[in-house]
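Worksheet for the structure shown next.
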Amino acid sequence: MGWEIFTRKVRRSGSPSVTFNKLGRISLNKTATATLEKEAVEFVLLLWDASKHQIGIRPISKKDQRAYKLAYGKKGNGAGFSAKTFMDYVGYDYKESKSFPIRWDESESMFIGEVPAEYLSNNQQQPLLVGHQVGKRAIAK
């Protein structure tokens, strides 16, 4: 049997990218992480533009109840945070890990990237309604 060249499934990228993994985590590659490390960013806000299928990852300097705490890789190879509820909200199908390119938008002060529509379901989670009827009992506010 002759030699064959093995093709890597994971590609190392010199451009900023984001990965949505099967466990509901969002990870930033080394290039994107370097931008955040320069400013010693600890927290980010996630933004979603449903009409454009775009995610925004905005670094913030102060803790905010809506923020996600970044966990930096010990080897300096990236950063990430748990975002399963966000993925559920936008209807992301995280059966397999997928990476997408992102870019730094100076005017918005955040990373922006498009999530291809084929990875999104049309049944986005509906907002929680408080005080509505469930069966014969009302849920109190």
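When you check SER15 against the structure, is it touching a Pro at 6+ places or on another chain (Cβ under 9 Å) and either at pLDDT below 95 or under 21 Å from SER97 (Cβ atoms) (or both), yes or no? Against the criterion (touching a Pro at 6+ places or on another chain (Cβ under 9 Å) and either at pLDDT below 95 or under 21 Å from SER97 (Cβ atoms) (or both)), SER15 qualifies. In segment 79-118, the qualifying residues are those that are of a type in the set (Phe, Trp, Tyr) and open to solvent by 60 Å² or more (accessible area, probe 1.4 Å), and the one that is farthest from the chain's Cα centre (by Cα) is TRP104.
One line per residue, one yes/no per condition, for (1) of a type in the set (Val, Ile, Thr); (2) more than 25 Å from SER121 (Cβ to Cβ); (3) without any contact (Cβ under 8 Å) to a residue 12 or more places away in the chain:
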| site | (1), (2), (3) |
| --- | --- |
| THR7 | yes, yes, yes |
| LYS30 | no, yes, no |
| GLU42 | no, yes, no |
| ASP64 | no, yes, no |
| GLY76 | no, yes, no |
| GLU96 | no, no, no |
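The residue that is least open to solvent (accessible area, probe 1.4 Å), among those in segment 46-78 that are among the hydroxyl-bearing types (Ser, Thr, Tyr) and farther than 15 Å from TYR119 by Cα, is TYR68.
The values are calculated or read from the model by the stated rules, or taken from the named source; none is laboratory data. Just so it is clear, the structure is predicted and the values come from calculations on it, not from any experiment. Glycine gets a Cβ as well: all are built from the backbone with ideal geometry, and neighbour counts include every protein chain shown. Surface accessibility is based on the protein's heavy atoms, side chains included, excluding ligands, DNA and RNA. Shrake-Rupley method; radii C 1.70, N 1.55, O 1.52, S 1.80 Å.
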